[in-house]
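Participant: First the structure, then my questions, so here it is.
The numbers here are math on the coordinates, done by the rules we state, and not lab data. These figures come from a predicted structure and were not determined experimentally. Positions of Cβ are generated from backbone atoms using ideal geometry, with glycine treated the same way; all protein chains shown enter the neighbour counts.
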Amino acid sequence: MRSPDITIVLNAHREGPLLAPTLRSLTDTALHATTRGLSVELVAVLDSPDPATRAALTSFESAAFARIEVIEVAHRSLGPSRNAGLAAAKGAFTATVDGDDLYSFNYLAEMHAAATSGGLVVAVPGITVWFDADTSVQRFEPLARTGRFRLLGAHTFISCILAPTAFLRDLGYRDCASRAYAYEDYDLNCRAVAAGADIRAAEDAALFYRRRAGSIMADIGDATQRIVPPNPLFDPAAVVAHGDGDAVVEDGETLRPGLHALRASHVLAELVAHAGAIEPRIELAKLREAPVWTNAMFARDFGRAYHDLCRRLQGQRFDGVLVVAALAGLPAGLVRIAESRGRRLIIETAAAAPSPLALPDGVQAIGLGDLPAARRAEMIVRLVHAFAPQAPLHLVLGGEEDALLGGLAEALEGHSLVVYDLGADGRAQALPPEAFAAIDLVVCDDRNAADALVARQPALAGRVAMLPASASADEVARFLDDIEARLRPRPTERRWTRA
């Protein structure tokens, strides 16, 4: 008996009765695929399921599939659970799906055609219909049209893909359920592109994506303050070498007339009618008035800014990083942070252009003021990973500390961290609790603020130092030399290459 052409890896958790329409849609698309000469197997991975979900899958039978295998794991994380399905897959290609979503009846045949259209391809559905809690229609453009800049800044594709099984196994999904990192599917798509794959859309395949609470991602908490883990797509040399692409849509809004035509098309009507017969919450009438959008509408700003900074800093390595709202606003003595021994990177978060102050050789200043405030902390993390992988960080409070020392603190593991709390306001007292475990030293220039900080956070005793605002240049220099001696570089790896 020959191996199946396609394995569907179905990940389930606590979907219960929602699995019934999903399984029926998978059966229908498998039957349709057989009319194109394709054989399909189903591998269902139950991750810490409830009894209803377990019963729905262990009792499921269908002649549409060459083989059905049910695996139970206790990862409570999508990445390892998807890997369990890949390990069991016998098909030449693997398609991923979650336990509450539906495939269109033509999904597998169209996705397989896209994946075998030449070269190494990750196929995504050309149409995604969001339903249940809210309704919208999305058209996915291929990577050649959306470009790398958008992908550097956001997940411009989706979790449901079809690609060669061996390729997906080699990549593997990473466990991204942490305080700083999330988005295992975004991470895999980034690494697929970095490994040479193209992402192409199967234009007439539709995914019906249910919007609800209670998924695995909801269980591990709101991921809105997290970022995709370091991966090779962010390698500065690759970012500069590839740029954005030659056929990229500059402004996704120019595609809006085609989106309205899609919403009214006979193709979408047929796919929705078939899916709606399985799941009544999928309603054509709602879609006729629903918002329409495309992944080409994602902003390119973050990726373009990262590309430009990589081009400017390419080939350099820094052994110290200073993060400050504006260098010109620092007390004169603390400017010596930038003048101490070694190569320094100064990141000015509130300035669009670097400070006009004269800086010594080996010191580079960059400004992030043109980026939206919500993205600056992420850019700092990316730059530190890429250009200062073992460097101590000097952070002057007054800008990005809530994000850097809150949810993203884990992303700075391996870096010694010195925080400067200047003035009598006592900003350090308002830092999120998890920040204090990451901080090696807090430097204050006000004795009352320093005493109040230790009183409020006794665990910081021994990690608070005084540097009076009146300190002379020589005193500042000696103080910084002492800090440098205490903060030896910590062994760490170049994080954008981490597997």
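Participant: Rounded to the nearest angstrom and ordered from largest down, what semi-axes does the equivalent ellipsoid of the stretch 6-299 get from its C-alpha gyration tensor (root of 5λ)?
Facilitator: 27, 23, 19
Participant: Taking θ = phi - 60°, what integer Hz values does the Karplus form 6.51 cos²θ - 1.76 cosθ + 1.60 yield along the stretch 27-41, in sequence order, with x for Gly and Pro?
Facilitator: Karplus values, whole Hz, x for Gly and Pro: 4, 5, 6, 5, 5, 5, 4, 5, 6, 9, x, 9, 9, 10, 10.
Participant: Gap in Å between the Cα centre of the stretch 410-478 and the Cα centre of the stretch 162-216?
Facilitator: Centre-to-centre (Cα) distance: 41 Å.
Participant: Fewest first, what order do PHE387, PHE167 take by the number of other Cβ atoms within 10 Å?
Facilitator: Taking fewest neighbouring Cβ atoms as first place, the list is PHE167, PHE387.
Participant: Further question on the same structure: Just subtract the alpha-carbon distance of SER59 and SER178 from 0.36 nm times their residue separation and send over the number in nm, one decimal.
Facilitator: Here the segment from SER59 to SER178 would lengthen by 39.4 nm.
Participant: Fewest Cβ neighbours within 10 Å first, please rank SER472, SER77 accordingly.
Facilitator: Listing SER472, SER77 from fewest to most nearby Cβ atoms yields SER472, SER77.
Participant: Can you tell me what the convex hull of the Cα atoms of the stretch 342-456 projects to on average, as an area in nm²?
Facilitator: 7.5 nm²
Participant: Could you work out the local net charge near CYS176, counting Lys and Arg as +1, Asp and Glu as -1, over the other residues with Cβ closer than 10 Å to its Cβ?
Facilitator: Its environment carries a net charge of -2.
Participant: Mind checking the dipole of the stretch 84-166: about its Cα centre, +1 per Lys or Arg Cβ, -1 per Asp or Glu Cβ, Debye to the nearest 20?
Facilitator: 460 debye
Participant: Here's something else I'd like to know. Ranking HIS394, HIS266, HIS307 by Cβ neighbours within 10 Å, fewest first, what do you get?
Facilitator: Fewest-to-most Cβ neighbours within 10 Å comes out as HIS266, HIS307, HIS394.
Participant: Once the Cα gyration tensor of the chain is found, what semi-axes does its equivalent ellipsoid get, as square roots of 5 times the eigenvalues, in whole Å, sorted largest first?
Facilitator: 49, 24, 20
Participant: For the stretch 125-269, compute Rg over Rh where Rg is the Cα radius of gyration and Rh is the Kirkwood radius from the inverse mean 1/r over Cα pairs.
Facilitator: 0.96
Participant: Could you give the distance between the Cα centres of the stretch 58-133 and the stretch 258-321, to the whole Å?
Facilitator: First find each Cα centre; the distance between them is then 20 Å.
Participant: Could you give me the ³J(HN,Hα) list for the stretch 248-255, computed from phi with Karplus coefficients 6.51, -1.76, 1.60 and θ = phi - 60°, whole Hz, x at Gly and Pro?
Facilitator: Whole-Hz 3J(HN,Hα) from phi for the stretch 248-255: 6, 6, 5, 10, x, 5, 5, 8.
Participant: Given 0.36 nm per residue, what is the gain on full extension from ALA277 to GLU289 after removing their alpha carbon distance, in nm?
Facilitator: 2.3 nm
Participant: Label points 7 Å out from Cα along the Cβ direction at LEU31 and ALA52: separation in nm?
Facilitator: So the label points at LEU31 and ALA52 sit 2.6 nm apart.
Participant: I would also like to ask the following. Mean residue ellipticity at 222 nm from the helices of the chain, using -39,500 (n - 2.57) per DSSP H segment of n ≥ 4 over the full residue count, to the nearest 500 deg cm²/dmol?
Facilitator: Computed mean residue ellipticity for the chain: -10000 deg cm²/dmol.
Participant: Further, regarding this structure: Mark the label point 7 Å from the Cα of GLU69 along Cα→Cβ and return the residues of the stretch 23-52 whose backbone N is within less than 12 Å of it.
Facilitator: The answer is 41-45, whose backbone nitrogens lie closer than 12 Å to the label point.
Participant: Moving to a separate point now. How are the Cα pair distances of the stretch 34-112 distributed, in percent, across 5 Å bins from 0?
Facilitator: 3, 13, 24, 26, 20, 10, 3, 1
Participant: Calculate, for ASP308 and SER470, the FRET efficiency according to 1/(1 + (r/R0)^6) with r their C-beta to C-beta distance and R0 56 Å; round to the nearest 0.05.
Facilitator: My answer for the efficiency is 0.90.
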